[in-house]
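Below you'll find the structure, written out as structure tokens, and then a few comments.
The values are calculated or read from the model by the stated rules, or taken from the named source; none is laboratory data. The shown structure was predicted, so the numbers you read here are calculated from the model rather than taken from an experiment. Neighbour counts are summed over all protein chains in view; Cβ atoms, including those assigned to glycine, are modelled from backbone coordinates with ideal geometry.
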Amino acid sequence: MAQAPHMTVEVQSAANTCHRLRGVIHQFAESLGAAIDAKDPYIKNHSLEVAELAWLLARRLGLSREEAELVHIGGHLHDIGKIGVPDRILNKQGPLADDEWALMRRHPEIGAGILLPVQEIAASGIMDMVLHHHERHDGQGYPHGLAGQEIPIGARIITVADSLSAMLGQRTYRDPMRFETALAEIKDCAGSQFDPQVVRALVAASKEARDLLNDLQPSPTLPEGAAGRDISGGGPCPVCRFEGKTG
Ligand SMILES: [Fe+2]
Ligand SMILES: [Fe+2]
């Protein structure tokens, strides 16, 4: 039976609304990610790097563009719960005391709590990616001690992206690692901290990952004269801006 013209218009309108809503959530996620990065003077573009690496890994693992965009949005938001961690702990010079670590380790649950009221974020699985981004493949992570396939695939991807970005960044207690050193550390932790499948995807896409990071932010680990674009002001990411992004 032929569909009534006005129903076609309604369906089309609903699809457009859904597309626009996803776009707004994506842009808002990017703003929140930039806000959390701004709390730490040593972190520049970490949430954006995680979002971009997560997109790359998700596509390499065979996730659809739509699924990869959800993981990418999860990357923007993964540390949003650090809003609930006192600055004196986030910016502390030197090791954290046990009670300070306990507060720091609450940030995935705080983040999930912040996102819970946004139905689209909760229903799409993004909230669970945030909640579980510090789980470990061997079940020794937090907050729930999930292991292997129990951990949502988006969270397993974000965990690897988060670790790579963190190792390459400046910290109060150490200088940035070289890309090859960080990659070797991640390979060593495949099967314990990280999902081996995601690590294999990173190794296979290592050149793209390195190029992507170089393009996002010049850092002391880059070779002399390497080009980079300054988006430290929190400008829109390529996925948000370019409909035609491939990968
Ligand atoms: Fe985190
Ligand atoms: Fe984005």
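General remarks:
- Taken residue by residue, the stretch 200-220 has no member that is part of a helix (DSSP H, G or I), among the β-branched types (Val, Ile, Thr), at pLDDT 65 or above and surrounded by 17 or more Cβ atoms within 10 Å (Cβ to Cβ).
- Residue in the stretch 151-159 that is over 30 Å from Lys92 (Cα atoms) and basic (Lys, Arg) present: no
- Identification of helices (runs of 4 or more DSSP H) wholly contained in the stretch 84-196 with 3 or more residues that are hydroxyl-bearing (Ser, Thr, Tyr) yields 153-168.
- Among residues of the stretch 86-101, those that are of a type in the set (A, V, I, L, M) and exposed (fewer than 11 other Cβ atoms within 10 Å of the Cβ), counted: 0
- In the stretch 65-83, the residues that are more than 14 Å from Phe28 (Cβ to Cβ) and part of a helix (DSSP H, G or I) reach residues that are within 11 Å of ligand 2 (Cβ to nearest atom) and of a type in the set (Phe, Trp, Tyr) with C-beta atoms within less than 6 angstrom, at least six apart or across chains, in these pairs: Ala68/Trp55.
- Filtered residue count, the stretch 1-34, keeping only those that are within 30 Å of Gln170 (Cα to Cα) and either loosely packed, with under 14 Cβ neighbours inside 10 Å or at pLDDT below 80 (or both): 1
- Hey, Leu56 modelled with pLDDT of 95 or more, more than 16 Å from ligand 1 (Cβ to nearest atom) and either buried (at least 21 other Cβ atoms within 10 Å of the Cβ) or in a helix (DSSP H, G or I) (or both) or not: yes
- Hits in the stretch 123-145 - residues which are away from ligand 2 (no atom under 16 Å from the Cβ) and either under 16 Å from the mean Cα position of the chain (by Cα) or charged (D, E, K, R) (or both): Gly125, Met127, Asp128, Leu131, His132, His133, His134, Glu135, Arg136, Asp138
- All positions within the stretch 150-179 that are at pLDDT 95 or above and loosely packed, with under 15 Cβ neighbours inside 10 Å: Glu150
- Contact map, the stretch 118-139: first residue in contact (Cβ under 8 Å) with a residue 40 or more places away in the chain, second residue within 15 Å of ligand 1 (Cβ to nearest atom) and of a type in the set (Lys, Arg), Cβ cut-off under 8 Å, separation 6 or more or different chains; pairs are His137/Arg156.
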